[in-house]
Amino acid sequence: MGTTLNGTVDVPVVVDESKDAGENFPGDKKITVVFVLGGPGSGKGTQCANIVKHFGFTHLSAGDLLRAEIKSGSENGTMIQNMIKEGKIVPSEVTIKLLQRAMRESGNDKFLIDGFPRNEENRAAFENVTKIEPEFVLFLDCSEEEMEQRILGRNQGRDDDNIETIRKRFKVFMESSLPVVEYYNSKGKLRKVDGGKSVEEVFEAVKEIFSPYSAQANTVGNSKVSTVKGFLRWWPDFRIDGSHVACRWFRTARRILSRILTKAMSPKATYIFVVCIAVFAYVYMPTIEGYM
Ligand SMILES: Nc1ncnc2c1ncn2[C@@H]1O[C@H](COP(=O)(O)OP(=O)(O)O)[C@@H](O)[C@H]1O
Ligand SMILES: Nc1ccn([C@H]2C[C@H](O)[C@@H](COP(=O)(O)OP(=O)(O)O)O2)c(=O)n1
């Protein structure tokens, strides 16, 4: 096993070509990507959760995807686990496939990619494979002392949140990730925020940066999936009595259905499914109404 690029190690990677990991994503689809970078514990995940609520992006955390891959018992699981424990960066090939698959499955077209690219290899490989350039890069700037305190208080039961691994992660961040931050700075794409302030204060600064996207927040409504979501929200109320008072079970069923549809199915399959349900319900609704 030899070191290739800063923080990366030449390790055997299992590539299962039989699975459609989404490697052709995005194809011709127009995709908006914002990278969210910052040291370990700088608050990337916390701020991404806020951005999602306000601006309609889908949040993809490279670290979360890698941890999910370990849990899934995949062939690369042990390799990923060992690398994360050592604070090293997993080969780009693996992480990019996971990102592509998650993007494709989300059905959205606006993504916050958190904790990626973490080194030059990540950056170049992502661009080569997906042909996507980020809209901009949000960088949470935070001191090591503050980040260390936060990680030690995080309590998420992560293998790598111990002082020994934290120090290794800081070193990899300085040596491998900061050059990527510098690269985007030189291209005029960096949006730097003081991540050492309170969650609310950091979000105030973040909100300003994302404000051009607020007009579009509802236009996830533009995407097919959101049209379906909107339809599911409106339609049963209308059908039941025309006065927008829906019965409780229908509300619950609608919420569950909406969640399943948008998470588990492709937009095309979702459309077909919803049309079938609409036809079915149109025919049978008068009967159902009789029991409510
Ligand atoms: N601005 C902040 N001030 C204080 N604590 C924070 C702040 N942002 C995040 N935290 C806390 O610090 C820890 C690390 O934050 P997290 O969002 O998981 O960081 P990252 O994703 O960058 O590793 C979490 O326990 C989180 O609740
Ligand atoms: N692009 C990435 C992102 C994360 N990883 C691995 C290595 C990192 O130390 C761990 C944890 O990353 P994560 O972003 O979840 O957490 P921190 O920002 O380090 O707190 O995952 C990676 O190998 N490649």
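In region 30-54, the residue that is surrounded by the most Cβ atoms within 10 Å (Cβ to Cβ) out of those that are more than 10 Å from ligand 2 (Cβ to nearest atom), part of a helix (DSSP H, G or I) and at pLDDT 95 or above is GLN47.
Taking the conditions (1) within 16 Å of the chain's Cα centre (by Cα); (2) within 13 Å of ligand 2 (Cβ to nearest atom); (3) under 24 Å from THR130 (Cα atoms) in turn, SER92 satisfies each one other than (1). What do you reckon, is ILE89 in contact with a Leu (Cβ under 9 Å, 6 or more places away or on another chain), modelled with pLDDT of 95 or more and of a type outside the set (Phe, Trp, Tyr)? Taking the combined requirement at face value, the residue satisfies it. Yes or no: GLY188 of a type in the set (Gly, Ala, Ser), at pLDDT 95 or above, assigned by TED's automatic domain parsing to the domain that holds MET83 and away from ligand 1 (no atom under 12 Å from the Cβ)? For GLY188, the condition - of a type in the set (Gly, Ala, Ser), at pLDDT 95 or above, assigned by TED's automatic domain parsing to the domain that holds MET83 and away from ligand 1 (no atom under 12 Å from the Cβ) - is met.
Only one of the numbered conditions (1) within 23 Å of the chain's Cα centre (by Cα); (2) touching a residue at least 40 places away in the same chain (Cβ under 8 Å) is not met by GLU204, and that is (2).
Figure legend. Inter-residue proximity from region 159-175: first residues in the same structural domain as LEU140 (by TED's automatic domain parsing), second residues open to solvent by 80 Å² or more (accessible area, probe 1.4 Å) and away from ligand 2 (no atom under 11 Å from the Cβ), beta-carbon distance below 9 Å, spacing 6+ or different chains. Indicated pairs: ASP161/LEU152; ASP161/ASN155; ASN162/LEU152; ILE163/LEU152; ILE166/LEU152; VAL172/ASN6; GLU175/ASN6.
No other residue among VAL193, VAL181, VAL202, VAL206 is surrounded by 13 or more Cβ atoms within 10 Å (Cβ to Cβ), outside any helix (DSSP H, G or I) and more than 10 Å from ligand 2 (Cβ to nearest atom) apart from VAL193. Looking at this structure, is GLY87 under 30 Å from GLN149 (Cα atoms) and touching a residue at least 60 places away in the same chain (Cβ under 8 Å)? Against the criterion (under 30 Å from GLN149 (Cα atoms) and touching a residue at least 60 places away in the same chain (Cβ under 8 Å)), GLY87 qualifies. Contact map, region 30-42: residues that are touching a residue at least 24 places away in the same chain (Cβ under 8 Å) paired with residues that are within 7 Å of ligand 2 (Cβ to nearest atom), Cβ distance under 7 Å, separation 6+ or inter-chain. Pairs shown: PHE35/PHE116; PHE35/PRO117; VAL36/LYS44; VAL36/ASP114; GLY38/LYS44; PRO40/ILE151; PRO40/ARG169; GLY41/ILE151. Screening the candidates ILE132, ILE166, ILE113 for the property of being closer than 25 Å to VAL94 by Cα and in a loop (DSSP other than H, G, I, E, B) yields one hit, ILE132.
The values are calculated or read from the model by the stated rules, or taken from the named source; none is laboratory data. Only a predicted model underlies this, so the values are computations on that prediction, with no experimental measurement involved. Positions of Cβ are backbone-derived with ideal geometry, glycine not excepted, and every protein chain shown enters the neighbour counts. Please note that ligands, DNA and RNA were not included when accessible areas were found on the heavy atoms of the full protein model with its side chains. Shrake-Rupley method; radii C 1.70, N 1.55, O 1.52, S 1.80 Å.
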